[in-house]
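Chemist: Sharing a structure with you now.
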Amino acid sequence: MAESKDSTRRLHHTVPPWVPDGSTYHIRIRLERGAVPPLTESSIATALLRSAARYHVQGSWFCHLLVLMPDHLHALLCFPRGSAIITVVGRWKGWQKRTLRVDWQKNFFDHRIRHDHEFEEKAHYIRRNPVAAGLCATPDDWPWVLDPNNLARWREPSSVGGDTDAHPQK
């Protein structure tokens, strides 16, 4: 009998020991169906990107790219040695749920990027996602992007995006 696609089945997000430290992962996190407001609502988007920038600055992850869409986000992230992806992403999602009332799906997608060409393909796909969805004309028109080149735009010295207890360093 074929295994059914059960939405309650959990992905384990376990990194095998042979995977090199510093590997990059394509992460996709979705909202629950019908969740409102969209991630691209200005105050929500700003808080999410500030929080993601905070995680980057404090070393919880290294963000190569993060793009918000109305009902999901895509990111290219690296995680520090000894940090479990599910723990880092889970804490970040949990903070957003508690503070912003973001209604995330219970799990998330991750895929390890295996070579430079794949990294470039994924980055191109992620940056073009708002264009493909008809939300803007060019990738540069989309405002809800975090990358190392615009990190300062999203950094904030106050507590928006969480305090150090909610965003623990490893």
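Chemist: Looking at the structure I just gave you, is Lys93 basic (Lys, Arg) and under 18 Å from Ala35 (Cβ atoms)?
Modeler: Details: basic (Lys, Arg): yes; under 18 Å from Ala35 (Cβ atoms): yes.
Against the criterion (basic (Lys, Arg) and under 18 Å from Ala35 (Cβ atoms)), Lys93 qualifies.
Chemist: Would you point out the residue of the stretch 22-56, among those that are basic (Lys, Arg) and within 12 Å of Leu66 (Cα to Cα), that is surrounded by the most Cβ atoms within 10 Å (Cβ to Cβ)?
Modeler: If we filter the stretch 22-56 for residues that are basic (Lys, Arg), which is where we start, we get 28, 30, 33, 50, 54.
Checking the rest, the ones that are also within 12 Å of Leu66 (Cα to Cα) come to 28, 50.
On the way: Arg28: 15, Arg50: 20.
Ranking the qualifying residues of the stretch 22-56, first place goes to Arg50.
Chemist: Which of the residues belonging to the stretch 34-50 are over 15 Å from Lys93 (Cβ atoms), at pLDDT 95 or above and out of contact with any strand residue (DSSP E or B) (no Cβ under 7 Å at 6 or more places or on another chain)?
Modeler: Pro38, Glu41, Ser42, Ser43, Thr46, Arg50
Chemist: Within the stretch 99-122, which residues are under 22 Å from Ala53 (Cβ atoms), more than 13 Å from the chain's Cα centre (by Cα) and touching a residue at least 40 places away in the same chain (Cβ under 8 Å)?
Modeler: Thr99, Leu100, Val102, Ile113, Phe119, Lys122
Chemist: To continue, here is another question. Which condition from (1) under 24 Å from Arg155 (Cβ atoms); (2) in contact with an Asp or Glu (Cβ under 9 Å, 6 or more places away or on another chain) is the one that Ile86 breaks?
Modeler: Checking Ile86 against (1) under 24 Å from Arg155 (Cβ atoms); (2) in contact with an Asp or Glu (Cβ under 9 Å, 6 or more places away or on another chain), the one that fails is (1).
Here's the yes/no breakdown for (1) closer than 26 Å to Leu100 by Cβ; (2) of a type outside the set (A, V, I, L, M):
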{"position": "Lys122", "(1), (2)": "no, yes"}
{"position": "Leu135", "(1), (2)": "yes, no"}
{"position": "Trp142", "(1), (2)": "yes, yes"}
{"position": "Leu151", "(1), (2)": "yes, no"}
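Chemist: Right, another one. Could you tell me how many of the residues in the stretch 79-98 are among the polar types (S, T, N, Q) and at pLDDT below 95? First the steps, then the outcome.
Modeler: Step one: of the stretch 79-98, the residues among the polar types (S, T, N, Q) are 83, 87, 96.
Next, only the ones that are at pLDDT below 95 stay: 83, 87.
Here the count works out to 2.
Chemist: Can you name every residue in the stretch 22-45 that is of a type in the set (S, T, N, Q), under 16 Å from Trp142 (Cα atoms) and in contact (Cβ under 8 Å) with a residue 24 or more places away in the chain?
Modeler: Thr40
The values are calculated or read from the model by the stated rules, or taken from the named source; none is laboratory data. Values in this document were obtained by computation on a predicted structure and should not be read as measured data. So basically every Cβ, Gly included, is an ideal-geometry build from the backbone, and we count neighbours across all protein chains shown.
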